[in-house]
Amino acid sequence: MHLRLAIQSCLFALFTLYSLHSVAADRWVIQFKEKVVNNTPHVERFGSNAFDQQRLLEYRAVELRARLLELSSIHKRSFQLVRPFGDRGAVVVTPRDANIDQTRLRLLSDPAIESVELDRRIRLHAQSPLIGLLNALDLSRRSRSWFHQDLSTQPASINTSAMWASFHGTAPTVVAVLDTGVLPGHPMLQGHLLSGYDFVADPLIGADGQSLAGSDRDPDPSDPGDGVGPADLLADPACAGLSQSSWHGTFVSALLAGNPVPGEGVFSVNWNAVVLPVRVLGKCGGFSSDLADGIRWAAGLSVPGVPDNPFPAKVINLSLGAEGPCIASIEGAAIAAARQAGSLVVVAAGNDGGTVDSPANCPGAFGVAAIDQEGLKANYSNFGSSIQLSAPGGDAAFPIWSASNTGATGPLTNTYNTKVGTSFSSPMVAGAASLYWSLNPSASVDTVENLLKTSARPFLSLGGRPTCAADTQGVECNCTRALCGAGMLDVTNLINTQASGGLTNLFSNTGNVIPPGQTRTFSASGTFNAAGQELNAVSFDVINVIKSSPEATDPILSVSGLNVDLTAPAGVIGFDLRALATNGRTAIASVIVANQGATSPTLLASLLSPLINGASTSAGTPSSAVGDEVVGDSGNGAAATGGSSGGGGTTGLWGLLACAVLLLCFKRKNTL
């Protein structure tokens, strides 16, 4: 008993020591009125590659340190540069001040400063995984996909199954998922991932042991796990408590644009979309400044120190947020810039059952609230006038199913699991938007946003339930347009706004990955031409064939009406399959030839590039991209990278100090 008390006392002392050390600084985003260019060579001298961008970042850092030194002299407090932010800003840390508001106002009085805001923490918008009671009793697993089913069965469904009868997307659309990163080896994500980027700049939050040219940011957005252990609680007081890894980014990405898994009853919204994974969250969340940079980069805008994104996203999904108003100079400015660049930013409302979180409440954001299986506003969902639309987020009886992993800290075995929250309402809307853009790629953000709302179904009204109002926080209630948006997401209605040009279906129930030498069936069943006539045959061909050697033969097509059996001979590693409907549209699916867990983001980029740039090549053309590094599966669902795949944080000097203090405690106990 005495030994246990001694250990507990020592651990408490350590926790206090760590906490005092960790909270000894405030983190700010300071933006100056003038750009940081005084001593920086002309930007035109630098390319968009990683090396040149790092050099430019170093020049800006030198200039910023000089400015911060001036601020320190004027305001009699130290400012330590964390990193540049945008063209004229800096992320800095200062000694902890008891009066944060006074500090902010004092800095704003400086004529050289335009804005000063705390770099606040952002967090996931998901509740703990649940086992759906009714789902568990359904051995057919059909109810796992309840939110896809017909309206006659599930009135709160997003009505995807009706659309799938005739449409799965005409071409891959890039959707950025800003989250915890992804597990590249998960079966649902095979053939759907571009390279992406890791914007987590704090080593404790990132916990992946990777860095690039002195920065903790790196080009590997793999998820090492965000589980929180005792050491993390000691190192970071922002951690709310012990937790297992969420695999949240994988869950969201697969729900939005994953391969169908009929045997598990798990399906995504857009089977043909391409995910651009952008890691902005890790252990205990992330910082607003990293989120803002991630938003800009995903939209194709430049970010200091980071190579340009060659595949700007049409849709950016944010299943995350922070309590409080939108910070206009950080996430607000990033969303506005992304929207102007042509990206729709879809954001989860939050799970506090009250007012809408940031950045869903930012101007220009497309905020999404959650409804449950009955069509009621879910008790956890935030709501308010900034919400644009509602979509299923699940509840205890009918949760949302998607891709996950069994690892409590680092990745272990890929699996499927349940979660609930507005985190999963948002990607349903993002997936719907990506489907529309595949039909009408030149559509503006305003057009897509308006159609999402005008195609929505009216909210249900259930007897005996209250109507949502300011005093119905934290309870299920009947939604209103004033507080839950324009209505309930209806994907079929949205797609039917473009049906006059015809809908050409193209899909495979096993996904768009074919193992080498094997055959997979793709179907165009349900295809309609521009006259509204259902066709009984389409023509198929392949373009942009990528081979490991010029001698390899082309893919073999065996066509029967609306179906084609595709065989990938040895030496073929990827191609684009086309279905051409007479007097109708053309549908394209990017097909990767690889074994499970070994698909290449670089290869997918090679297939996607000519589709986006309008420079498709004929069959049999070798690609210069062949031979680039392939993201592999180490056998446990993790990416094979040079960094650590574990979920633990950094020990360092404080870890050694902890061991020393514990040793002293034991010695003291033994001498009593």
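Things worth noting here:
- Rolling a 1.4 Å probe across the protein heavy atoms gives the range 317-475 an accessible surface of 29 Å² per residue.
- For residue 563 and residue 240, a Förster radius of 41 Å and the Cβ-Cβ distance give a FRET efficiency of 0.20, rounded to the nearest 0.05.
- Accessible area (Å², per residue) of the range 512-597, counting only protein heavy atoms and a probe of 1.4 Å: 40 Å²
- Surface composition of the range 190-309: carbon and sulfur atoms hold 56% of the protein heavy-atom accessible area at a 1.4 Å probe.
- Surface accessible to a 1.4 Å probe, per residue, for the residues of the range 199-312, Å²: 24 Å²
- Cα gyration tensor category, rounded, prolate or oblate, for the range 400-506 with a/c compared to 1.5: oblate
- Amide hydrogen neighbours beyond the local backbone of residue 467, cut-off 5 Å, H modeled: 478
- Between the range 280-319 and the range 504-574, the Cα center-to-center distance that results, in Å: 34 Å
- Listed values for the range 363-377 are Karplus-derived 3J(HN,Hα) couplings in whole Hz (6.51 cos²θ - 1.76 cosθ + 1.60, θ = phi - 60°), namely x, x, 7, 9, x, 10, 9, 10, 10, 9, 5, 7, x, 7, 4, and x replaces Gly and Pro.
- Unsatisfied cross-links (Cα-Cα over 30 Å) in the set 283/547; 35/453; 419/547; 76/283; 33/453; 314/377: 283/547; 35/453; 419/547; 76/283; 33/453
- Residue-wise HN-Hα coupling along the range 103-108, computed from phi with Karplus coefficients 6.51, -1.76, 1.60 (Hz; x: Gly, Pro): 4, 4, 5, 5, 5, 5
- Amide H contacts of residue 182: 222, 223, each under 5 Å away and 5 or more positions distant or on a separate chain (H built 1.01 Å from N in the peptide plane; Pro and chain starts excluded).
- Only Cα pairs under 8 Å and 6+ residues apart enter the sum, and on that basis the relative contact order of the range 483-553 stands at 27 percent.
- Each residue of the range 291-300 was assigned a 3J(HN,Hα) from its phi angle through the Karplus curve 6.51 cos²θ - 1.76 cosθ + 1.60 (θ = phi - 60°); the sequence is 4, 4, 5, x, 4, 4, 5, 4, 7, x Hz, with glycine and proline shown as x.
- Peptides 94-107, 524-537 ordered by average Cβ neighbours within 10 Å, highest first: 524-537, 94-107
- In this structure the amide hydrogen of residue 266, modeled in the peptide plane, comes within under 5 Å of the amide hydrogens of 261, none closer than 5 places in sequence on its chain.
- Computed from the alpha carbon positions, the gyration tensor of the range 310-408 leads to an equivalent ellipsoid with semi-axes of 24, 17, 13 Å, biggest first.
- Global geometry of the range 235-394, whether rounded, prolate or oblate, following the gyration tensor of its Cα atoms and the 1.5 cut on a/c: rounded
- With the gyration tensor restricted to C-alpha atoms of the range 159-236, the semi-axes of the equivalent ellipsoid amount to 34, 16, 10 Å, longest first.
The values are calculated or read from the model by the stated rules, or taken from the named source; none is laboratory data. Because the structure is predicted, anything quoted here is derived from the model rather than measured. Glycine also receives a Cβ, built like all others from the backbone with ideal geometry; neighbour counts cover every protein chain displayed. Side chains are part of the model used for accessible areas, which takes the heavy atoms of the whole protein and leaves out ligands, DNA and RNA. Shrake-Rupley method; radii C 1.70, N 1.55, O 1.52, S 1.80 Å.
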